[in-house]
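Chemist: This is the structure I want to talk about, given as structure tokens.
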Amino acid sequence: MRYPNEDPELLALVHRYVTPDRRYRKLGGPLTRMTEPERTKFTRELGEAAGDITPRELTILLEGTWRERKTAAWLIAVARRTEFRERLGEMLLASEVCFAGSAYCVTFATFATPADADLLAAYLDRYLRRPDLYYDQPAAMGALLHLDAKLRADQAARFLTADGLWHQWIDGPPRKEHHGTPDSYREAISRLCVFADEGVEHRPARNR
């Protein structure tokens, strides 16, 4: 892992893409609480950044801490850089840092192909078997349900049966406090995908 305070190249990218207007803090749930002017400004700047950043710069950000990885995942989603799909799938499964995994799930939801659904299902197959770990299971389930609706598929069904892995994870120790429902997680991911789509509209035409 690369750290900005030890890596001038990464630090320069952080200043350019991650910390302006505290971008990394707003990517995710805070987006849904923005006013309309804030939303317009934010998605415009996000789209412009996604159009400007190069694949090499994205690769460097993905080697950083959670802030850099989270931001990179959103820029990848807006730029529709599907060449990063497998890399993000590996990173989701590895779950090395907090906060970034849900951004990977949003990226897969925006790519919206069966390959993305397969990556989410692979994550759920592994981590729903670990009730002791409260990682990105809700975001992954929400993204998979979102893709099932878009792709007219049913990958999530096997996890959601009465004796399926989802309920085993929810009911297993330790107790999961304040958890929502699979449908609420799907709705949350779907709302975030709308923001990513709005960012696409602000990418430079040459990069669409």
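The values are calculated or read from the model by the stated rules, or taken from the named source; none is laboratory data. Because the structure is a prediction, the values reported are computed rather than measured. A quick note on method: Cβ atoms are made from the backbone with ideal geometry, for glycine too, and the neighbour counts reach across all protein chains shown. These area figures cover heavy atoms from the full protein model, side chains too; ligands, DNA and RNA do not enter into them. Shrake-Rupley method; radii C 1.70, N 1.55, O 1.52, S 1.80 Å.
Chemist: At 1.4 Å probe radius, can you tell me the per residue accessible area of the chain in Å²? Please report the intermediate quantities before stating the final value.
Modeler: Numbers: 10090 Å² over 208 residues.
Ligands and nucleic acids excluded, the result is 49 Å² per residue.
Chemist: Could you work out the Kirkwood radius for region 103-153, taking every pair of different alpha carbons, averaging 1/r and inverting it, reported in Å?
Modeler: Values: mean 1/r = 0.0930 Å⁻¹.
In region 103-153 this quantity evaluates to 10.8 Å.
Chemist: Lys/Arg Cβ at +1, Asp/Glu Cβ at -1, dipole of region 1-48 taken about the Cα centre: which of 47, 32, 5 is farthest positive-ward?
Modeler: 32
Chemist: Could you tell me the center-to-center distance, by alpha carbons, between region 44-110 and region 117-179 in angstrom?
Modeler: A separation of 21 Å, based on Cα centres.
Chemist: How far is helix 66-79 tilted off the main Cα axis of the chain, in degrees rounded to 10, range 0 to 90?
Modeler: Helix 66-79 and the main axis of the chain meet at about 80 degrees.
Chemist: May I ask for the net charge around residue 54, where only other residues with Cβ less than 13 Å from the Cβ of residue 54 are counted and Lys, Arg are +1 while Asp, Glu are -1? Working shown, then result.
Modeler: Working: positive: 16, 56, 81; negative: 9, 52, 57, 83.
The answer is -1.
Chemist: Computing the accessible area with a 1.4 Å probe over protein heavy atoms, can you report the carbon and sulfur percentage for region 1-99?
Modeler: Ligands and nucleic acids excluded, carbon and sulfur reach 50 percent.
Chemist: Which three semi-axes in whole Å describe the equivalent ellipsoid of region 132-175, each the square root of 5 times a Cα gyration tensor eigenvalue, listed largest first?
Modeler: Computed over region 132-175, the values are 22, 12, 5 Å.
Chemist: Taking Cα atoms, how many degrees apart are the long axis of helix 137-151 and the longest axis of the chain, rounded to 10 and kept between 0 and 90?
Modeler: Tilt relative to the chain: about 90 degrees.
Chemist: What does the accessible area of residue 34 come to, in Å² to the nearest 10, when a probe of 1.4 Å is used?
Modeler: Result for residue 34: roughly 40 Å² accessible.
Chemist: Normalised by the residues of the chain, what does the relative contact order come to in percent, with Cα pairs under 8 Å and at least six apart? Display every interim value, and only then the final one.
Modeler: Numbers: 276 pairs, mean separation 52.3, N = 208.
This gives 25 percent for the chain.
Chemist: Based on a Kirkwood Rh over C-alpha pairs, give the Stokes-Einstein translational diffusion coefficient of region 36-112 at 20 °C and viscosity 1.002 mPa s in µm²/s.
Modeler: Diffusion coefficient, whole number: 171 µm²/s.
Chemist: May I ask you to compute the full-extension gain from residue 171 to residue 135, defined as 0.36 nm times their residue separation minus their alpha-carbon distance, rounded to one decimal in nm?
Modeler: Working it through step by step, the gained length comes to 11.4 nm.
Chemist: Another question about this same structure. Quick one: helix 85-94 against the long Cα principal axis of the chain, what's the angle to the nearest 10°, folded into 0 to 90?
Modeler: 60 degrees
Chemist: Report the charge-dipole magnitude of the chain in Debye, nearest 20, computed about the Cα centre from +1 at each Lys and Arg Cβ and -1 at each Asp and Glu Cβ.
Modeler: 360 debye
Chemist: Kirkwood-based Rg over Rh for region 1-160 (C-alpha set), two decimals? Numbers along the way, then the final one.
Modeler: Working: Rg = 15.6 Å, Rh = 16.1 Å.
Result for region 1-160 is an Rg/Rh of 0.97.
Chemist: I've got another one for you. Across region 43-60, in residue order, what do the Karplus-derived ³J(HN,Hα) couplings come to in whole Hz, using 6.51 cos²θ - 1.76 cosθ + 1.60 with θ = phi - 60° and x for Gly and Pro?
Modeler: Karplus values, whole Hz, x for Gly and Pro: 5, 5, 5, 5, x, 5, 5, 5, x, 7, 5, 9, x, 5, 5, 4, 4, 5.
Chemist: For region 83-206, what is Rg from Cα atoms divided by 2.2 N^0.38 Å, rounded to two decimals?
Modeler: Cα Rg divided by the expected 2.2 N^0.38 Å: 1.05.
Chemist: While we're on this one: Determine the shape class of region 23-75: with a ≥ b ≥ c the square roots of the Cα gyration tensor eigenvalues, call it rounded for a/c under 1.5, and otherwise prolate if a/b is greater than b/c, oblate otherwise. Spell out each step's value before the answer.
Modeler: Numbers: a/c = 4.06, a/b = 1.62, b/c = 2.51.
Judged from the Cα gyration tensor, region 23-75 comes out oblate (a/c at least 1.5, b/c at or above a/b).
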